[in-house]
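Enquirer: Sending over a structure as structure tokens; questions will come in a sec.
The values are calculated or read from the model by the stated rules, or taken from the named source; none is laboratory data. Bear in mind the structure is a predicted one, so any value in this text is a computation, not a measurement. Note that each Cβ is placed from the backbone with ideal geometry, even for glycine, and that neighbours are counted across all protein chains shown. Ligands, DNA and RNA are excluded from the accessible area calculation, which covers all protein heavy atoms including side chains. Shrake-Rupley method; radii C 1.70, N 1.55, O 1.52, S 1.80 Å.
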Amino acid sequence: RPMYFLYGGAWRGGHVAAGVRAPKNTWFFAEGTTRPGFQEWLSLQNPGEVDANVTMSLLLDGGEVRDVGVAVPSHTRVTVAVHNIVEAGRDVSVVVKSNRAIVAERPMYFLYRENWPGGHVVPGL
């Protein structure tokens, strides 16, 4: 799935990632960060006929776990700004669990060292 962007009107780029075969109840994201210049998002899509109740377990560096609940209405995508939940300067992995089969992706945009703009998207595993 291609992604092209002009993030925040300033960071231009593109990325291509493979799509997923089917919605699932659990998704894993091994890496993420809120370090300076990075903005991490989670996109949760519910293709089903029934609303989904989702719990995102944010696994922070140092061992802390924060659970965040998100409602995802049927036939809707909800995008969550991880960088607004987790304070700046942290590394974070995420486990997404849902009572309904959904699709989860992690877009990330960055301006690395205030010099290299970019972004990418990965589906969960």
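Enquirer: For percent of Cα pairs over 22 Å apart, one of [x] 54; [y] 35; [z] 62 was computed from the structure I shared and the rest are decoys. Which label?
Expert: Among [x] 54; [y] 35; [z] 62, the one calculated here is [y].
Enquirer: Then there is this: Suppose R0 equals 22 Å. What FRET efficiency, 1/(1 + (r/R0)^6) with r the Cβ-Cβ distance, do residue 18 and residue 101 give to the nearest 0.05?
Expert: Details: r = 19 Å, r/R0 = 0.84.
That gives a FRET efficiency of 0.75.
Enquirer: On to the next question. If you add up the charges near residue 62, with Lys and Arg at +1 and Asp and Glu at -1, over every other residue whose beta carbon is less than 13 angstrom from its beta carbon, what do you get? Before the final figure, lay out the partial values.
Expert: Working: positive: 66, 90; negative: 61, 64, 87, 91.
Local net charge: -2.
Enquirer: With a 10 Å radius around each residue's Cβ, average the other Cβ atoms per peptide and rank 85-92, 103-110, highest first.
Expert: Details: 85-92: 15.1, 103-110: 21.6.
Highest to lowest by the protection proxy: 103-110, 85-92.
Enquirer: A further question on this structure: Take peptides 68-78, 15-25, 47-57, 32-42 and line them up by average Cβ neighbours within 10 Å, highest first, as a rough protection proxy. Walk me through the numbers before you get to the answer.
Expert: Numbers: 68-78: 13.6, 15-25: 12.1, 47-57: 15.4, 32-42: 19.4.
Sorting 68-78, 15-25, 47-57, 32-42 by mean packing, highest first, produces 32-42, 47-57, 68-78, 15-25.
Enquirer: Let me ask something else about it. With point charges of +1 on the Cβ of Lys and Arg and -1 on the Cβ of Asp and Glu, referenced to the Cα centre of the chain, which listed residue (8, 22, 60) lies farthest in the positive direction of the dipole?
Expert: Of the listed residues, the answer is 22.
Enquirer: Could you please put 43, 93 in sequence from largest to smallest accessible area, using a 1.4 Å probe? Don't skip to the end; give the middle numbers.
Expert: On the way: 43 5, 93 30 Å².
Per-residue accessible area, sorted high to low, gives 93, 43.
Enquirer: If you don't mind, another one. Please state the charge dipole magnitude for segment 73-117, taken about the Cα centre, from unit charges on C-beta atoms (+1 on K and R, -1 on D and E), reported in debye and rounded to the nearest 20.
Expert: Details: 6 positive and 4 negative charges, 47 e Å.
Result for segment 73-117 is approximately 220 debye, rounded to the nearest 20.
Enquirer: Report, in debye and to the nearest 20, how large the dipole of the chain comes out about its Cα centre when Lys and Arg carry +1 and Asp and Glu carry -1 on their Cβ.
Expert: Numbers: 12 positive and 11 negative charges, 73 e Å.
Dipole magnitude for the chain comes out near 360 debye.
Enquirer: Would you mind computing, in nm to one decimal, how far apart the modelled labels at residue 70 and residue 85 are, each placed 7 Å from Cα along Cα→Cβ?
Expert: Between residue 70 and residue 85, the label points sit 0.6 nm apart.
Enquirer: First measure r as the distance between the Cβ atoms of residue 112 and residue 25, then evaluate 1/(1 + (r/R0)^6) with R0 = 25 Å and state the FRET efficiency to the nearest 0.05. Can you show the working numbers first?
Expert: Details: r = 34 Å, r/R0 = 1.37.
With a Förster radius of 25 Å, E is 0.15.
Enquirer: While we're on this one: For segment 19-72, place one equal point scatterer on every Cα, skip the solvent, and apply the Debye formula. What is log10 of I(q)/I(0) at q = 0.29 Å⁻¹?
Expert: -1.38
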